[in-house]
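Chemist: Please read through the structure below; I'll follow up with questions.
The values are calculated or read from the model by the stated rules, or taken from the named source; none is laboratory data. From a predicted model like this one, the values you see are computed outputs, not experimental measurements. Methodologically, a virtual Cβ is constructed for each residue, glycine included, from the backbone with ideal geometry; neighbour enumeration extends over all protein chains shown. Ligands, DNA and RNA are stripped out before the accessible areas are found, and what is left, the full protein with its side chains, is counted by its heavy atoms. Shrake-Rupley method; radii C 1.70, N 1.55, O 1.52, S 1.80 Å.
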Amino acid sequence: MTSEPEIVRPREAFVWIWLPGRTVPVVAGRIRARDDHFAFTYGRSYLEREGAIPIYVPELPLRRGPIRPEPPIEIAGALRDAAPDAWGRRVIAYRLFAGRGGMRGDQPDDLGELTFLLLSGSDRIGALDFQPSPSEYAPREASPASLEQLLTAAERVERGLPLSPDLADALLHGTSIGGAMPKAQIREGNKQYIAKFLYPTSLPYNLVKAEFVAMRLASLAGLDVAPVRLTRCMDKDVLLVQRFDRDHTEEGVTRRAMVSALTLFGLDERLAAYASYEYLADILRARAIAPRETLAELFSRMTFNILSGNTDDHARNHAAFWDGSRLALTPAYDICPQPRTGREASQAMRIHGQERRAQLSLCLAAAPKFLLSEDRALAIMSRQITAISDNWEAVCDEAALGIADRRLLWRRQFLNGLAFEGLEDRLAR
């Protein structure tokens, strides 16, 4: 009988940060595991450093001594934002256990949070990284790999097959990116992309192409959206989403700090159901660099999610740049029409009060929270409806979306009748 490999959970990790405009990181402090939480302590040298910024406030202000997260939060949200999500954790567990006495990739939580922070790739979203040393920064970098190699590696993980060392190292690069579905990172010149792909599923339509269509239509409707393009590899569709948290300068690459809306709310995944667009508007109205413009953009994203059938608009799919004192919404990066049964649908975040039904009338009721008049809110909705209708065929052609998928998506995900209930006479359709 084969014994299970022993799990050794690290008790501490050191947080390194790229300060604004800098191309090399400095150590900011230490995370230490306690009985039921992870305490963070800033290093004395960081507190004394000119230009040092808090990792995020109010949860991690610049001060001496251990900072414990507010219960029931176990680890500060700004630190958890930089950790891998479902896919990355699965890859790390697979690499640790496959071929070593058992495959425990279906139990990644056994490894502990610090294990995932220390074993995921260093080119993670935002401006943080995690190291075992407070004095020596040693990035966990990926071996050069083609998209075909990365797809092959991901498919082998999906099927439970062993990986060669070079493919395992290459796939590690994608473990620091959030999300549940397979993905990888690729670089083309000075541009970096997140490659998103799917293996055969029971979904009724091509989800990769549907996301491309939604992202392109959102851009045409005037939203601030990350650039996307489609490619094919190994007879599979791959969506490439350009990264926006990296800037290439003559001195090197700088990294932009980011926090998820879940962190802005002070929530974790167990409490994500309490997330609300109205509450996010309150936060951004008080803390955004350009509040009025930011709230109009957030309102536009809320309504477009409804019009495109994206009910996966949870708080980790919204994020803001953090400069040490103020916030600015990042470009939208995950607008994907979701399958629905029948006509009914609800958004992942509440729209107005406790209501989350996918209806524009709720958005209109919430408009004052976004500093929008009723007429302005209706104008935003009408513009989006027109943009979707006028550009639908052209963008579907751009995606080479088949006729069957177009019929499945049109008036089911995109411009579903439920969205217009109560506003039929006030919106141009």
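Chemist: For the range 228-273, how many residues meet the condition of being in contact (Cβ under 8 Å) with a residue 24 or more places away in the chain, among the basic types (Lys, Arg) and over 17 Å from Gly126 (Cα atoms)?
Modeler: Final tally of qualifying residues: 2.
Chemist: Tell me which of these Asp282 doesn't satisfy, since it passes every other one: (1) farther than 19 Å from Tyr56 by Cα; (2) assigned to a helix (DSSP H, G or I); (3) of a type in the set (Asp, Glu).
Modeler: Result: Asp282 passes all but (1).
Chemist: Can you name every residue in the range 322-348 that is not in a loop (DSSP other than H, G, I, E, B) and not polar (S, T, N, Q)? It would help to see each step written out before you state the result.
Modeler: At the first step, the residues of the range 322-348 found to be not in a loop (DSSP other than H, G, I, E, B) are 322, 327-329, 332, 346.
Once the filter is applied, which keeps residues that are not in a loop (DSSP other than H, G, I, E, B) and not polar (S, T, N, Q), the range 322-348 yields Trp322, Leu327, Ala328, Leu329, Ala332.
Chemist: On the basis of being modelled with pLDDT of 95 or more, within 14 Å of the chain's Cα centre (by Cα) and closer than 28 Å to Leu415 by Cα, does Ala281 make the cut?
Modeler: no
Chemist: Just one of (1) surrounded by fewer than 23 Cβ atoms within 10 Å (Cβ to Cβ); (2) at pLDDT 80 or above trips up Leu163, so point out which.
Modeler: In the conditions (1) surrounded by fewer than 23 Cβ atoms within 10 Å (Cβ to Cβ); (2) at pLDDT 80 or above, Leu163 misses (2) alone.
Conditions tested, residue by residue: (1) within 23 Å of Leu117 (Cα to Cα); (2) free of Cβ contacts under 8 Å to residues at least 40 places away in the same chain; (3) in a loop (DSSP other than H, G, I, E, B); (4) not aromatic (Phe, Trp, Tyr).
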{"site": "Phe130", "(1), (2), (3), (4)": "yes, no, no, no"}
{"site": "Ala138", "(1), (2), (3), (4)": "yes, yes, yes, yes"}
{"site": "Glu141", "(1), (2), (3), (4)": "yes, yes, yes, yes"}
{"site": "Leu150", "(1), (2), (3), (4)": "yes, no, no, yes"}
{"site": "Ala154", "(1), (2), (3), (4)": "yes, no, no, yes"}
{"site": "Glu158", "(1), (2), (3), (4)": "yes, no, no, yes"}
{"site": "Leu161", "(1), (2), (3), (4)": "no, yes, yes, yes"}
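Chemist: Select from the range 247-259 the residues that are of a type in the set (Val, Ile, Thr), more than 13 Å from the chain's Cα centre (by Cα) and outside any loop (DSSP other than H, G, I, E, B) and write down the one among them that is modelled with the lowest pLDDT.
Modeler: Among those that are of a type in the set (Val, Ile, Thr), more than 13 Å from the chain's Cα centre (by Cα) and outside any loop (DSSP other than H, G, I, E, B), it is Val253.
Chemist: Let me ask something additional. Of all residues in the range 25-60, which are open to solvent by 40 Å² or more (accessible area, probe 1.4 Å), more than 24 Å from the chain's Cα centre (by Cα) and not polar (S, T, N, Q)?
Modeler: Residues satisfying the conditions are Arg30, Arg32, Arg34, Asp35, Asp36, Arg44, Leu47, Glu48, Arg49, Glu50, Gly51.
Chemist: Would you mention how many residues in the range 21-57 are free of Cβ contacts under 8 Å to residues at least 40 places away in the same chain and among the hydroxyl-bearing types (Ser, Thr, Tyr)?
Modeler: 4
Chemist: Looking only at the range 93-101, decide whether some residue is without any contact (Cβ under 8 Å) to a residue 40 or more places away in the chain and part of a loop (DSSP other than H, G, I, E, B).
Modeler: no
Chemist: Regarding the range 58-71, can at least one residue be identified that is touching a residue at least 60 places away in the same chain (Cβ under 8 Å) and within 17 Å of Arg124 (Cβ to Cβ)?
Modeler: For the range 58-71, residues touching a residue at least 60 places away in the same chain (Cβ under 8 Å) and within 17 Å of Arg124 (Cβ to Cβ): absent.
Chemist: Out of everything in the range 212-246 that is of a type in the set (Asp, Glu) and over 26 Å from Ala296 (Cα atoms), what residue ends up being modelled with the highest pLDDT?
Modeler: Asp237
Chemist: Of the conditions (1) in a strand (DSSP E or B); (2) closer than 20 Å to Leu262 by Cα, Pro54 clears all except one; give me its number.
Modeler: (1)
Chemist: Being polar (S, T, N, Q) and either in contact (Cβ under 8 Å) with a residue 60 or more places away in the chain or open to solvent by less than 20 Å² (accessible area, probe 1.4 Å) (or both) is the filter here, so list the residues in the range 299-339 that pass it.
Modeler: Result: Ser300, Thr303, Asn305, Ser308, Asn310, Ser325, Thr330, Gln338.
Chemist: Report, by residue number, each residue of the range 267-291 that is surrounded by fewer than 15 Cβ atoms within 10 Å (Cβ to Cβ) and among the small types (Gly, Ala, Ser).
Modeler: Ala273, Ala286, Ala290
Chemist: Need the failing condition index for Glu251 against (1) touching a Cys at 6+ places or on another chain (Cβ under 9 Å); (2) over 23 Å from Cys336 (Cβ atoms), just the number.
Modeler: Result: Glu251 fails condition (1) only.
Chemist: Among the listed residues Pro71, Pro61, Pro5, identify the single one that is of a type outside the set (Lys, Arg) and modelled with pLDDT of 95 or more.
Modeler: The unique qualifying residue is Pro61.
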